[in-house]
């Protein structure tokens, strides 16, 4: 039983899980939407929202903080220059998850995660 066990493991060790979520965050920022499994989308949402919250204030310190999390310079630039200014006044809730049905191959539940229009 998994009672009181928080977090999803995705069948990976911690380093692979961290790399997976980092790359999902980079793809989400670069393309502004992402189709993935529901579990991955639900795990990705707080990560991306925290990055946007940090990026709302453009300073060298905040850029280094975000860079330490995702380590992808084009994504960091887009986050600070394009995405974060859209949400200057928003108190949170920068993303939306929409269910898409199941994947044909393995019937995994799919979801679309995207930035909302501010």
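Observations, loosely collected:
- Over the chain, Cα pairs under 8 Å with separation of 6+ residues give a relative contact order of 31 percent.
- For 59, 27, order by how many other beta-carbon atoms lie within 10 Å, fewest first: 59, 27
- Taking the helices alone, the chain has a mean residue ellipticity at 222 nm of -14500 deg cm²/dmol, built from -39,500 (n - 2.57) per DSSP H run of at least 4 residues and averaged over all its residues.
- Least to most buried among 70, 113 (fewest other Cβ within 10 Å first): 70, 113
- Principal axis dimensions, region 79-118 - Cα atoms, whole angstrom, descending: 40, 18, 11
- Proxy reagent accessibility, fewest Cβ within 10 Å first, across 28, 1: 1, 28
- Per-q log10 I(q)/I(0), the chain, q = 0.13, 0.18, 0.20, 0.21 Å⁻¹ (Debye; single scatterer per alpha-carbon; no solvent): -0.53, -0.96, -1.12, -1.20
Quick note: the coordinates plus some simple rules give every number you see, no bench work behind them. Bear in mind the structure is a predicted one, so any value in this text is a computation, not a measurement. Counting neighbours? That spans all protein chains shown, and the Cβs are built from the backbone with ideal geometry, glycine included.
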